[in-house]
Amino acid sequence: MTSAAPRRLPAAVFASGGGSNFQALLDHARDVAAPWSCALLVVDRPCGAEERAAAEGVPVRRVPVAGRPADEVAAETLAALEAAGIDMICLAGYLRLVPAPVVRRWSGRILNVHPALLPAFGGKGMWGRHVHAAVLESGARMSGPTVHLVDEAYDEGRILAQWPVSVQPDDTPETLAARVLEVEHRLYPRVADHLARAIAVGHRPEPMILSPGHFGPAEHAGP
């Protein structure tokens, strides 16, 4: 007699753009060993992430934000997540502040990936090219993604993992962004696993301890 497979936590992904991190999460979730599954994509506008979801058979819920009362957006978002039985949420290029009632309902269960080493270069307006340009203008010699829990402010939640990426003397915002994004795609799904396992046993997720060999030598993004 075979034992039943462990329950995979239903996760929602929030996106606003092309969805490359969403794709990385989808690719990872195909592995039967992943402790979570992608059960819903939530977007605030038409975007490339919707096409990726359609290709994988993931349901999509579009919840427009611009010009709408905050309580109306919150109620619609809550209803969509509750209907899908969502246990955890991953933000993947979502350019809106998550409604406070959603943050409270899924407190300690919402992840975001930011393309710099927080607490530096975070906050409102710090996304995409803006972040990498600010890193270069500062003279910083190191950047890289941060995966953190989400609270009611931009980029201020508890950090769970960071992966340093060296800034090269000839970097532009575009070249730095490409190297950081490569690491994001490797790091983010594994932190999602880490969160899902903590949720499954009722524990608060602890920060991950990463080493240069954590993902194998080929995945180390430094020089």
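The values are calculated or read from the model by the stated rules, or taken from the named source; none is laboratory data. In this text the structure is predicted, and so the values were computed from the model without any measurement. Here the Cβ is made from the backbone with ideal geometry for all residues, glycine too, and neighbour counts use every protein chain on show. Note: areas computed on protein heavy atoms with side chains; ligands, DNA, RNA excluded. Shrake-Rupley method; radii C 1.70, N 1.55, O 1.52, S 1.80 Å.
Here is how the numbers come out for the structure above:
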item: For the chain, the Rg and Dmax computed from alpha carbons only, in angstrom; result: 17.2, 62
item: Ellipsoid equivalent to the range 5-135 - semi-axes via the Cα gyration tensor, in Å; result: 22, 19, 15
item: Theoretical FRET efficiency, 1/(1+(r/R0)^6), r = Cβ-Cβ of L78 and M142, R0 35 Å, to 0.05; result: 0.35
item: For W36, net neighbour charge (Lys/Arg +1, Asp/Glu -1) across residues whose Cβ lies under 13 Å away; result: +3
item: Solvent exposure, largest accessible area first (probe 1.4 Å, DNA, RNA and ligands not counted), of E137, E184, E50; result: E137, E50, E184
item: Computed helical MRE - 222 nm, the chain, DSSP H runs ≥ 4 contributing -39500 (n - 2.57), nearest 500; result: -11000 deg cm²/dmol
item: Trypsin sites (Lys or Arg not before Pro) lying in DSSP loop within the range 112-208, provided at most 13 other Cβ fall within 10 Å; result: K124, R141, R158
item: The chain, accessible surface, carbon-and-sulfur percent (1.4 angstrom probe); result: 56 percent
item: A70/R45 FRET efficiency (R0 22 Å; Cβ-Cβ; nearest 0.05); result: 0.85
item: Relative contact order (%) - the range 79-223, alpha-carbon pairs under 8 angstrom, separation at least six; result: 22 percent
item: The range 158-174 - phi-based ³J(HN,Hα) in whole Hz, Karplus 6.51/-1.76/1.60, Gly and Pro as x; result: 4, 7, 9, 7, 9, 9, x, 10, 5, 8, 8, x, 9, 5, 10, x, 6
item: Gain in span if fully extended, V201 to E174, counting 0.36 nm per residue against the direct Cα distance; result: 5.7 nm
item: 1.4 Å probe accessible area per residue over the chain, in Å²; result: 48 Å²
item: Rg ratio (alpha-carbon, reference 2.2 N^0.38 Å) - the range 120-215; result: 1.15
item: Max mean-square fluctuation residue, GNM over the chain, Cα-Cα springs under 10 Å, options T77, T172, T146; result: T172
item: Residue-wise HN-Hα coupling along the range 31-36, computed from phi with Karplus coefficients 6.51, -1.76, 1.60 (Hz; x: Gly, Pro); result: 5, 5, 7, 5, x, 9
